[in-house]
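Every number in this text was worked out from the coordinates using simple rules, so none of it is lab data. The structure displayed is predicted, hence computed values, not measured ones. Quick reminder, even Gly has a Cβ in these numbers, built from the backbone with ideal geometry, and neighbours come from all protein chains shown.
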Amino acid sequence: MLVLSRQLNEAIMIGDDIELVVVDIRGDRVRLGINAPKEIPVHRKEIYLAIQEENIRAAQAADAAALDTLQDLFGSTDKTGKDDRAAGDKDK
Amino acid sequence: MAEKGIPLVKIKTSRFGEIEKPESDIFHFPEGLLGFRLVRRFTIVENPKPGPFIWLQAVDVPELAFVVTDPLLFKPDYVVRVQKQELESIKIADIENARVLVIVVVPHNVREMTANLQGPVVFNTKENLGKQLVLQGEEYTTKYRVFQDGDKDTPSENEGGSGKGGE
């Protein structure tokens, strides 16, 4: 791993369009500012890993009988669809 | 032989066989889903037994599908707080204009069902774009217990700030 020392308000460029700025340092906590193109997702790693793990779990498990039970259980209180297609029309 | 007009996309699925959807029902995920970065096209499929739980089916990976639902179904105070930049890639100016679904895990025992409230999937239904958000902060978890009663887990863990006054 490449390791670089930076002081407050100094930055690192990753490629031509990703900038990492040290915005604040307090004790053992460092605040970083990230300028990156919008197609580059930036996440805290532990949350990123948790969601990735959950996606993989969700892709594997779906008990068909249990799902049928849920459809009955929640089916009467139909709240889905209210923000369905119409919601998109308001966008700009 | 197909009717003129709307071209249909044939989609092979391991759960529902081969289905056909109009192009207008295909959502493009520029960033894929976390853990499935290269899967970019999804569509919504009704469950064989219809209801509020539906499927987010990968168009190009027959066996990849997620059960999704409206989080307001079981968490009426659910709010997605997100910075505007995170919605730019799906051309949404305001989260109010997006359709928000969450991925649920449905185990054999339904009472152990969980919903990923920290990683909601948002849709721009007008532009047919989609993205999984990663919500910051501690407010929501990836394993929200939909049924919180009669369980050894402490419900407060999932309740966030709303239920502080409880006993």
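Quick notes
- Alpha carbon Rg of the stretch B:85-128, scaled by the compact-globule rule 2.2 N^0.38 Å: 1.47
- Separation of alpha-carbon centers, the stretch A:1-62 and the stretch B:33-54, rounded to whole Å: 28
- For the stretch B:1-99, the extents of the C-alpha atoms along the principal axes are 46, 29, 29 Å, listed from largest to smallest.
- Each distinct pair of alpha carbons in the stretch A:1-82 adds a 1/r term; the inverse of their mean, the Kirkwood radius, is 17.4 Å.
- Summed over qualifying helices (DSSP H, 4 residues or more, each -39500 (n - 2.57)) and divided by its residue number, chain B shows a 222 nm mean residue ellipticity of -500 deg cm²/dmol.
- Taking a Cβ cut-off of under 14 Å around A:M13, the surrounding Lys, Arg, Asp and Glu residues balance to a net charge of -3, with basic ones at +1 and acidic ones at -1.
- Peptides ranked, highest mean first, by Cβ atoms within 10 Å: ranges A:15-28, B:131-144, A:44-57, B:109-122: B:109-122, B:131-144, A:44-57, A:15-28
- Legend: residue pairs B:K84/B:K143; B:K84/B:K126; A:K45/B:K131; A:K38/B:K75; A:K38/B:K10, Cα-Cα distance threshold 27 Å; pairs beyond threshold, A:K38/B:K75; A:K38/B:K10.
- The mean count of C-beta atoms from other chains within 10 Å of the C-beta of residues in A:45-52, rounded to a whole number, is 6.
- Residue-wise HN-Hα coupling along the stretch A:42-59, computed from phi with Karplus coefficients 6.51, -1.76, 1.60 (Hz; x: Gly, Pro): 10, 9, 5, 4, 5, 6, 4, 5, 5, 6, 4, 4, 5, 4, 5, 5, 5, 5
- Relative contact order of the stretch B:1-49, taken over Cα pairs closer than 8 Å and 6 or more residues apart, is 24 percent.
- Averaging over all projection directions, the Cα-based convex hull of chain B occupies 11.6 nm² in the image plane.
- Residue by residue along B:30-36, Cβ atoms of other protein chains within 10 Å of the local Cβ number 6 on average.
- Karplus-based coupling profile of the stretch B:75-83, in residue order and whole Hz: 9, x, 9, 5, 9, 9, 9, 8, 6, with θ = phi - 60° in 6.51 cos²θ - 1.76 cosθ + 1.60 and x standing for Gly or Pro.
- Sorting the segments B:23-35, B:82-94 by their residues' average number of neighbouring beta-carbon atoms within 10 angstrom, most packed first, yields B:23-35, B:82-94.
- The mean count of C-beta atoms from other chains within 10 Å of the C-beta of residues in B:9-22, rounded to a whole number, is 0.
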